[in-house]
Amino acid sequence: QVQLVESGGGSVQAGGSLRLSCVVSENIFNFNAMGWYRQAPGEQRELVATINVGGKTAYADFVKDRCDIGRDGAKNTAYLQMTSLKPKDTTVYYCNGRVLTRNSWGQGTQVTVSS
């Protein structure tokens with residue numbers, strides 16, 4: 001069973017930056033797409049950014065121009081570089097790997113942004 005392990009979360013002040021990483025236990029190019037989602041308590045999980053196998057990226061409007069998704073095939077790792085962080089970005093961020101309709105998830109990493 002594939003494993004996705006996130007890291008890089010933490011506490012920063014508003015305006016700061018964080019880089020989240022997601023190490024995948026198999027070839028990252030086996031996935032049709034890699035993505036980052038976030039979920040606040042009591043809320044639905046929402047898409048932050050995705051990158052497909054061809055390298056095409058997409059971003060949610062609330063992080064556009066503040067996030068950059070990427071991957072490193074040699075390390076089987078996906079990244080999410082976040083800048084200009086806001087207190088409303090505080091929540092748990094999850095890595096996702098999708099093969100057709102099968103989704104695999106990491107355990108999540110907490111991001112806390114203080115004002």
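Any read-out appearing in this document is the output of simple, stated calculations on the displayed coordinates, not a laboratory observation. Predicted, not measured: the structure shown is a model, and the values here were computed from it. Ideal geometry is used to build each Cβ from the backbone, glycine not excepted, and the neighbour counts take in all protein chains shown.
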Extension gain, N27 back to V53 (0.36 nm per residue minus Cα-Cα distance, nm): 8.2 nm
Top of L100, L85, L20 by mean-square fluctuation, Gaussian network on the chain, Cα under 10 Å: L100
Mean Cβ neighbour count within 10 Å, used as a protection proxy, ranking 107-115, 52-60, 87-95 highest first: 87-95, 107-115, 52-60
Distance from the range 84-103 to the range 3-18 (C-alpha centre basis), Å: 11
Straight-distance crosslink candidates among lysines, where the alpha carbon sits under 21 Å from K75 and sequence neighbours closer than 8 are dropped: K56
Inter-probe distance in nm under a simple model that places probes 7 Å from Cα toward Cβ, at K88 and R19: 2.8
A40 paired with Q1, simple spin-label distance in nm, labels 7 Å along Cα-to-beta-carbon: 3.1
Loop GluC sites (Glu not before Pro), the range 1-101 (other Cβ atoms within 10 Å of the site Cβ: 10 or fewer; DSSP): E43
Label-point separation in nm, D68 to N103, each point 7 Å along Cα→Cβ: 2.8
